[in-house]
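S.K.: Structure incoming, see below.
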Amino acid sequence: MAYLELKNIQKSFGDAHIIRGVNLEIQKGEFIVFVGPSGCGKSTLLRLIAGLEPTTSGRLMLDGKDITQLASGKRDLAMVFQSYALYPHMSVADNMSFALKLAGVPKDEIRRKVAHAAEQLNLTQYLARTPKELSGGQRQRVAIGRAIVRAPKVFLFDEPLSNLDAALRGNTRVEIHKLHVALGATSIYVTHDQVEAMTLADRVVVLKDGVIEQVGTPMELYDHPVNRFVAQFIGMPSMNMVPASAIPSFSSQTRGRLPTDGFLGVRPEGLQVHPGRPRDGAGVPGRVDLIEALGADTLIHIDVDGVPLIARQNERTPLRIGDDVGVELDPSVLHLFDREGQALAA
Ligand SMILES: Nc1ncnc2c1ncn2[C@@H]1O[C@H](COP(=O)(O)OP(=O)(O)O)[C@@H](O)[C@H]1O
Ligand SMILES: [Mg+2]
């Protein structure tokens, strides 16, 4: 049986139907990431699980118990927010031990747990400091430490990295990942950032407008998106999406499987760009719109008959804006969608 189960969870605020029937089973020890555009209901869903907000309907089961009506404090969950919500006048040690003190845990046990969590989070030397004497990344680690000492059944993270600058975000993401590997704790992590989702998750839940679009491992979502939304949300830059009628010689490579009103999806690494106008039918003619040289990767933006495409190659390019090119696609990595955007079996 699943460790945490969401059964047809719905949430309305007045007339606004925000969470529209979510079913999900989470296994013990899994790192689950909820990802989706801003406003799709990720935080709301997390707050329903945390018990910070009552559900409108549906049931929540945790470790065999129905927790739908249980008060937040009794659910055995710990939440880490984007704003660290630390007590500014308390030391790191006091911030981390606060919940245990409230719960009446013996002093030496608190000391032991805080020391252990501080060690895991590289905070040992900062235990006597107050939050304002710490960097953003250290503060976020204190917030995580405060959750760890409680040894909750499930960790809930709501965009914990979005207040950090890019470099720190990368480092802290790696730390959270390592921590998860070390603790093996069940975690639900909310983010709008698909890179965080792809790198952290055992399984990713893609949400849109309060509905789950797809659940799968990062590579399942990348290789087999069930619809256009998931196909274009996962992956950077986004999958190229070409209407079937826009570039006939591309569509003809699907051996008649692409409906005339459908869409052909191809990831940037599935396009090859050759300098000069194509000869002998090797690709379709296009023109370079923009080059983005990232060092290890080069993104080549191309216009093919008014259709914008992005190709990614892991070599540098002598091409320049305005150059004529031939664009070829790798027929083994095509994605086909019907006019509603549903994926067709490849
Ligand atoms: N307490 C509330 N009252 C009314 N509307 C709310 C409330 N909380 C969230 N919403 C609405 O629910 C939608 C989803 O919000 P949220 O879950 O915060 O999205 P996300 O975290 O995915 O960006 C938004 O349209 C938001 O305005
Ligand atoms: Mg949110």
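S.K.: How big is the equivalent ellipsoid of region 1-47 along its three axes, where each semi-axis is √(5λ) from the Cα gyration tensor, reported in whole Å from largest to smallest?
M.R.: 22, 13, 7
S.K.: Under 4 °C and 1.567 mPa s, how fast does region 193-281 diffuse according to Stokes-Einstein, given a Kirkwood radius computed over C-alpha pairs? Answer in µm²/s, whole number.
M.R.: Translational D for this selection: 87 µm²/s.
S.K.: Keeping the other protein chains in place, figure out the carbon and sulfur percent of the accessible area of the chain, with a 1.4 Å probe.
M.R.: C and S fraction of accessible area: 50 percent.
S.K.: Students sometimes get this wrong: rank Y222, Y189, Y87 by accessible area, probe 1.4 Å, all chains present, largest first.
M.R.: Descending accessible area places them as Y87, Y222, Y189.
S.K.: On to the next question. Averaging over every viewing direction, what projected area does the convex hull of the Cα atoms of region 208-254 cover, in nm²?
M.R.: 4.2 nm²
S.K.: Which lysines have a Cα lying under 17 Å from the Cα of K153, excluding residues fewer than 8 positions away in the same chain?
M.R.: K153 reaches K28, K65, K74, K113.
S.K.: Tell me, what is the per residue accessible area of region 4-228 in Å², probe radius 1.4 Å?
M.R.: Averaged over the residues of region 4-228, the accessible area is 46 Å².
S.K.: Translational D (Stokes-Einstein, µm²/s) of the chain at 20 °C and 1.002 mPa s when Rh comes from the Kirkwood sum over C-alpha pairs?
M.R.: For these conditions, the coefficient is 95 µm²/s.
S.K.: Projected onto the charge dipole of the chain (+1 at Lys/Arg Cβ, -1 at Asp/Glu Cβ, origin at the Cα centre), which of G170, Q27, V105 gives the Cα projection farthest towards the positive end?
M.R.: Checking the options against the dipole of the chain, the answer is V105.
S.K.: Treat every Asp and Glu Cβ in region 252-313 as -1 and every Lys and Arg Cβ as +1, leave all other atoms uncharged, and give the resulting dipole magnitude about the Cα centre to the nearest 20 debye.
M.R.: Taking the Cα centre of region 252-313 as origin, the dipole is about 260 debye.
S.K.: Roughly how much of I247 is accessible, in Å² to the nearest 10, using a 1.4 Å probe?
M.R.: 10 Å²
S.K.: I've got another one for you. Between the alpha-carbon centers of region 303-328 and region 1-72, tell me the distance in whole angstrom.
M.R.: 44 Å
S.K.: Still on this model: Can you give me the Kirkwood hydrodynamic radius for region 156-215, using every pair of distinct Cα atoms, in Å to one decimal?
M.R.: 12.3 Å
S.K.: Still on this structure, please answer the following. From Cα pairs below 8 angstrom and at least 6 apart in sequence, can you work out the relative contact order of region 4-228, rounded to a whole percent?
M.R.: 30 percent
S.K.: Sticking with this structure for a sec: With both partners inside the chain, how many of the DSSP beta bridges are antiparallel, as a percent to the nearest 5?
M.R.: 75 percent
S.K.: So what's the gap between the Cα centers of region 103-135 and region 226-272, to the nearest angstrom?
M.R.: For region 103-135 versus region 226-272, the Cα centre distance is 52 Å.
S.K.: If Lys and Arg each add +1 and Asp and Glu each add -1, what is the summed charge of the other residues whose beta carbon sits under 12 Å from the beta carbon of Y189?
M.R.: Local net charge: -3.
S.K.: Once you sort the root eigenvalues of the Cα gyration tensor of region 21-131 as a ≥ b ≥ c, which label holds: rounded (a/c under 1.5), prolate (a/b larger than b/c) or oblate (the other case)?
M.R.: It comes out prolate by the Cα gyration axes.
S.K.: Could you give the dipole magnitude of the chain about its Cα centre, charging the beta-carbon of Lys and Arg +1 and that of Asp and Glu -1, in debye to the nearest 20?
M.R.: The dipole magnitude comes to about 1400 debye.
S.K.: Could you give me the ³J(HN,Hα) list for region 227-241, computed from phi with Karplus coefficients 6.51, -1.76, 1.60 and θ = phi - 60°, whole Hz, x at Gly and Pro?
M.R.: 7, 4, 4, 5, 4, 8, 7, 8, x, 10, x, 4, 4, 5, 10
S.K.: With angles folded into 0 to 90 degrees, how steeply does helix 166-183 sit against the dominant principal axis of the chain? Use alpha carbons for both and round to 10.
M.R.: The angle comes out at about 60 degrees.
S.K.: For the ranges 12-19, 79-86, what's the packing order if you count other beta-carbon atoms within 10 Å of each residue, average per peptide, and put the highest first?
M.R.: 79-86, 12-19
S.K.: What 222 nm value per residue comes from the helices of the chain, counting each DSSP H run with n ≥ 4 as -39,500 (n - 2.57) and dividing by all residues, nearest 500 deg cm²/dmol?
M.R.: -7500 deg cm²/dmol
S.K.: How do K11, K132, K101 rank by accessible surface area computed with a 1.4 Å probe, from largest to smallest?
M.R.: So, going from the largest accessible area down, we get K132, K101, K11.
S.K.: Could you work out the percent of alpha carbon pairs in region 238-337 separated by over 22 Å, rounded to a whole number?
M.R.: Here the long-distance tail beyond 22 Å is 24 percent of all Cα pairs in region 238-337.
The values are calculated or read from the model by the stated rules, or taken from the named source; none is laboratory data. Everything numeric in this text was worked out from a predicted model, so none of it was measured. Heads up, the Cβs are rebuilt from the backbone with ideal geometry, glycines too, and the neighbour counts pull from every protein chain shown. Note: areas computed on protein heavy atoms with side chains; ligands, DNA, RNA excluded. Shrake-Rupley method; radii C 1.70, N 1.55, O 1.52, S 1.80 Å.
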